[in-house]
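Below: one structure, written as structure tokens.
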Amino acid sequence: MSENEVEVPEIREEVSEKEAKVSEIRDQVPEKSLERKEVDFMIYLDHAATSFPKPPAVIEAVTDALTNTAANPGRGSYALARQADTVVDRTRQAVKTFFSMPPSGHVLFFPHATGALNQVIKGFPFEPGDHVITTSLEHNAVRRPLGFLEADGMISVSKVPWQETTDAILEKVEDALRLHTKMLIVTHGSNVTGDIWPIQALGELAEAHGICFVVDASQTAGFLSINMETAGMDFLVAPGHKGLLGPQGTGILLAKSDAYDLLPQQHGGTGDSSESMGLPQEWPGRFESGTMNVAGIAGLYAGLKVLQEHGLDELQREKQTLTTQCVEGLRAMNHVTVYGHRSEQIALPVVLFSIADVDAQEAAMILDQSYEIAVRAGLHCAPDAHKWAKTPAGGGLRASFGWSTSKDDIEALLKAVSDIIQAYHGA
Ligand SMILES: Cc1ncc(COP(=O)(O)O)c(C=O)c1O
């Protein structure tokens with residue numbers, strides 16, 4: 001091997017061998033994912049994308065619904081359809097309780113947070129010339145619908161850059177206000193840097209200026225306790241499949257009331273008013289055309305119960321300990337840059353880092369193929385956040401932790417990163 005060549009443990013194995021191994025592993029998933037302890041074939045550190053594995057209670061609830069109750073809710077008067085109604089209704093109720101919603105509130109189900117965000121952004125009763133304030137850390141699920149309306153000439157958008165203190169953030173938002181500002185839409189916690197925006201203070205500011213306040217809680221729901229009643233927000237969005245521990249195919253839009261006349265983004269069968277061309281007026285049915293994901297919603301209900309039983313505060317403490325372990329471990333290494341986590345303030349269990357002169361995709365591939373550690377490389381659907389963080393051109397490596405992550409998992413990641421540095425930099 002020449003001096004300039006890099007030796008990485010096991011990376012030179014035959015691709016076909018790896019594929020065979022991956023397919024062998026995949027065959028084992030249904031049995032093994034019942035218990036976290038048995039999922040010993042890989043270390044999953046991509047909880048910011050979706051939580052995996054799901055808790056056994058969630059898997060059982062989905063299986064039970066698919067076996068016993070997943071008829072078409074809101075459509076039939078027969079017993080099974082009524083049972084499906086019950087599954088959906090009790091989950092709406094559990095969501096309301098979980099987020100301390102006011103009695104006037106509505107819970108709308110969507111297939112993902114993106115669907116819920118599109119509904120509230122593109123369905124908002126904007127008028128040409130309206131203005132929206134958002135942040136420099138938004139996911140494309142906010143950035144693109146806003147960009148779509150902006151390109152259409154409907155709205156203009158101002159992006160407030162991240163600041164270290166609440167006062168500085170409020171000042172920037174105040175500076176961005178215009179006569180026709182109608183909406184302030186903010187990601188509660190960044191899926192890239194882990195930074196958390198002060199939604200309580202922002203809600204008060206929005207209320208004082210009579211602006212609609214929308215919070216994308218995709219990363220914080222299930223991590224931080226969120227009180228819709230006191231946090232002054234008009235709409236809250238969350239995926240069911242990340243921190244809330246439900247299955248993929250679930251997302252929710254919480255509306256404080258029906259004060260904003262949202263335009264439904266889907267038109268179709270709702271099970272009632274079938275003779276009319278128009279959608280029913282009532283919320284939530286007005287926004288939920290099409291057959292609902294009863295099994296997914298049953299799983300989401302189970303996910304919420306798991307969180308309540310374990311206790312959100314306790315879970316948050318556990319994840320913070322792991323995050324600190326990871327950040328400190330990485331910061332102690334030469335050739336590693338950790339983004340965000342600059343202050344003592346609470347941050348999400350999301351750690352973005354890069355290794356000098358190592359392409360993020362290549363490092364993620366090595367972590368996967370040689371160490372069976374799953375992390376996410378690239379721009380994480382949030383290019384503005386990467387620009388803000390000043391990551392290298394190919395983005396960074398993101399390790400994100402969830403209910404099933406252990407101290408040993410973090411140690412394994414740190415060891416693997418240290419090996420990669422050794423291989424590339426020799427120190
Ligand atoms: C901050 C943020 N918003 C929105 C989304 C979109 O969520 P979903 O994939 O459920 O549409 C994500 C997903 O990663 C996210 O991190």
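The values are calculated or read from the model by the stated rules, or taken from the named source; none is laboratory data. If you're wondering where the values come from, they're calculated on a predicted model, not measured in any experiment. Neighbour counts are summed over all protein chains in view; Cβ atoms, including those assigned to glycine, are modelled from backbone coordinates with ideal geometry.
Worth pointing out:
- Checked against (1) in a helix (DSSP H, G or I); (2) surrounded by 17 or more Cβ atoms within 10 Å (Cβ to Cβ); (3) touching a helix residue (DSSP H, G or I) at 6+ places or on another chain (Cβ under 9 Å), VAL351 meets all criteria but (1).
- Residues (more than 16 Å from the ligand (Cβ to nearest atom), β-branched (Val, Ile, Thr) and under 25 Å from the mean Cα position of the chain (by Cα)) located in the range 167-204: ILE169, VAL173
- Restricting attention to the range 259-279 and to residues that are more than 28 Å from the chain's Cα centre (by Cα) and of a type in the set (D, E, K, R), the residue that is surrounded by the most Cβ atoms within 10 Å (Cβ to Cβ) turns out to be ASP272.
- Subset of the range 52-69 (residues that are within 16 Å of the ligand (Cβ to nearest atom) and in contact with a strand residue (DSSP E or B) (Cβ under 9 Å, 6 or more places away or on another chain)): PHE52
- Residues satisfying the criterion are absent from the range 235-252 (criterion: over 15 Å from the mean Cα position of the chain (by Cα) and either more than 30 Å from LEU45 (Cα to Cα) or away from the ligand (no atom under 16 Å from the Cβ) (or both)).
- Filter result for SER225 (surrounded by fewer than 18 Cβ atoms within 10 Å (Cβ to Cβ) and under 16 Å from LEU307 (Cα atoms)): yes
- For the range 205-234, a residue qualifies if it is away from the ligand (no atom under 13 Å from the Cβ), part of a strand (DSSP E or B) and within 20 Å of GLN316 (Cβ to Cβ), and exactly one does: LEU224.
- Test: residue in the range 156-166 that is more than 16 Å from the ligand (Cβ to nearest atom), assigned to a loop (DSSP other than H, G, I, E, B), touching a His at 6+ places or on another chain (Cβ under 7 Å) and assigned by TED's automatic domain parsing to the domain that holds PRO239: no
- Contact map, the range 71-87: first residue in the same structural domain as SER289 (by TED's automatic domain parsing), second residue surrounded by fewer than 16 Cβ atoms within 10 Å (Cβ to Cβ) and among the aliphatic types (A, V, I, L, M), Cβ cut-off under 6 Å, separation 6 or more or different chains; pairs are ALA71/LEU80.
Listed here are the residues, each with its yes/no results for (1) at pLDDT below 95; (2) surrounded by fewer than 21 Cβ atoms within 10 Å (Cβ to Cβ).
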{"position": "ASP89", "(1), (2)": "no, yes"}
{"position": "PHE98", "(1), (2)": "no, no"}
{"position": "PRO103", "(1), (2)": "yes, yes"}
{"position": "ILE133", "(1), (2)": "no, no"}
{"position": "ARG143", "(1), (2)": "no, no"}
{"position": "ILE155", "(1), (2)": "no, no"}
{"position": "SER158", "(1), (2)": "no, yes"}
{"position": "VAL173", "(1), (2)": "no, no"}
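- At least 1 residues being within 14 Å of the ligand (Cβ to nearest atom) is the threshold, and among the helices (runs of 4 or more DSSP H) wholly inside the range 77-152 those reaching it are 113-122, 140-151.
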